[in-house]
Amino acid sequence: MCSSQWLLIGELCTMSAEFRTRWAAHDVRIHHGGVKQFQHPDAGPLELVYQPLHLPLSSREVHSLTIYTAEPGTPDEDRLKLLAGWAATRTQETSSTGEPDH
């Protein structure tokens with residue numbers, strides 16, 4: 001961070017106990033994979049394992065693709081398969097009518 005950002009953080013810390021507490025508790029780091037929990041409106045709770053894949057385009061530019069999967073044999077895998085089935089059905093309906101299903 002540059003010096004002006006540190007000055008702003010210092011000022012906010014001295015002026016706000018809530019900011020000071022939240023700033024001190026933050027856990028920011030580069031993630032190289034892990035587990036995330038989602039709440040899908042139709043499928044319910046999902047706990048998925050994720051792993052980023054970095055795709056270099058040039059010496060200065062990289063795209064990152066994050067892969068999410070469910071652990072085999074878990075209810076999360078069943079829910080993810082259900083969502084995949086719904087997506088495939090909607091894609092087939094759209095391609096047969098030529099219009100999106102609303």
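Readers should treat all values here as calculations from the given coordinates under stated rules, not as data from a laboratory. Model, not experiment: these values are computed from the prediction.
In a Gaussian network model over the chain where Cα atoms closer than 10 Å are linked, find which of Ala88, Ala25, Ala43 has the largest mean-square fluctuation. Sorting by GNM fluctuation, first place goes to Ala25.
First check a/c for the chain, with a ≥ b ≥ c the square roots of the eigenvalues of its C-alpha gyration tensor; if it is under 1.5, answer rounded, and if not, answer prolate when a/b is larger than b/c or oblate otherwise. In terms of gyration-tensor shape, prolate. What's the angle, to the nearest 10 degrees (0 to 90), between helix 3-15's Cα axis and the longest principal axis of the chain? Computed tilt is about 80 degrees.
Between 0 and 90 degrees, rounded to the nearest ten: what's the tilt of helix 75-97 against the longest Cα principal axis of the chain? The answer is roughly 60 degrees.
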